[in-house]
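Here is the structure we will look at.
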Amino acid sequence: MKLSRLLVAGALVASIGATAAFASYNKGFKYYSRYIYRTSHVRSTVILQNLGIQLPSQLKPLFKDNAKPLIEKLNKAGYKKVAKGVEQIARRHKLKDLEDFLIGILNGKIPASCG
């Protein structure tokens, strides 16, 4: 009886831990959908491809200094609405969530609506 309760409690704790690990990716997807995709209708894979970003190590330096390098690069590439969306996310929410979402995209975790 005690063993079964212990196993159930362990499974519950493991599921909560797994959910917390994906929380920032999911928040980043929500922010991307709200602030970037609704205004520009540009898919995340297209943005990353046109910016020439293929690895997470290429993406991380763009999020330094409140994502100013990323915003400048987006403006130069002609994605002014996307840059404005990134600025809004930087002001209102955590850029780390957006970064985690884009890293997930680079690692192949692409939601159906963003492919």
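The values are calculated or read from the model by the stated rules, or taken from the named source; none is laboratory data. Note that this is a predicted model, so its numbers are computed, not measured. So basically every Cβ, Gly included, is an ideal-geometry build from the backbone, and we count neighbours across all protein chains shown.
Just a few scattered comments:
- Residues satisfying the criterion are absent from region 19-31 (criterion: touching a Cys at 6+ places or on another chain (Cβ under 7 Å), at pLDDT below 95 and closer than 23 Å to G108 by Cα).
- Selected residue (only one of L48, L62, L102, L98 is among the aliphatic types (A, V, I, L, M) and farther than 22 Å from A112 by Cα): L62
- Within region 93-115, considering residues that are free of Cβ contacts under 8 Å to residues at least 60 places away in the same chain and out of contact with any Phe, Trp or Tyr (no Cβ under 8 Å at 6 or more places or on another chain), the one nearest to L55 (Cα to Cα): L106
- Hey, S44 of a type in the set (S, T, N, Q) and in contact with a Phe, Trp or Tyr (Cβ under 8 Å, 6 or more places away or on another chain) or not: yes
Yes/no matrix, rows are residues, columns are (1) of a type in the set (S, T, Y); (2) under 19 Å from D100 (Cβ atoms):
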{"position": "T39", "(1), (2)": "yes, no"}
{"position": "V42", "(1), (2)": "no, no"}
{"position": "G52", "(1), (2)": "no, no"}
{"position": "S57", "(1), (2)": "yes, yes"}
{"position": "P61", "(1), (2)": "no, yes"}
{"position": "N75", "(1), (2)": "no, no"}
{"position": "Y79", "(1), (2)": "yes, no"}
{"position": "A83", "(1), (2)": "no, no"}
{"position": "V86", "(1), (2)": "no, yes"}
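- Filter result for L102 (touching an Asp or Glu at 6+ places or on another chain (Cβ under 9 Å) and either over 20 Å from S24 (Cα atoms) or aliphatic (A, V, I, L, M) (or both)): no
- Scan of region 66-88 for residues that are farther than 16 Å from G28 by Cβ, of a type in the set (G, A, S), surrounded by 16 or more Cβ atoms within 10 Å (Cβ to Cβ) and touching a residue at least 24 places away in the same chain (Cβ under 8 Å), ordered by number: none
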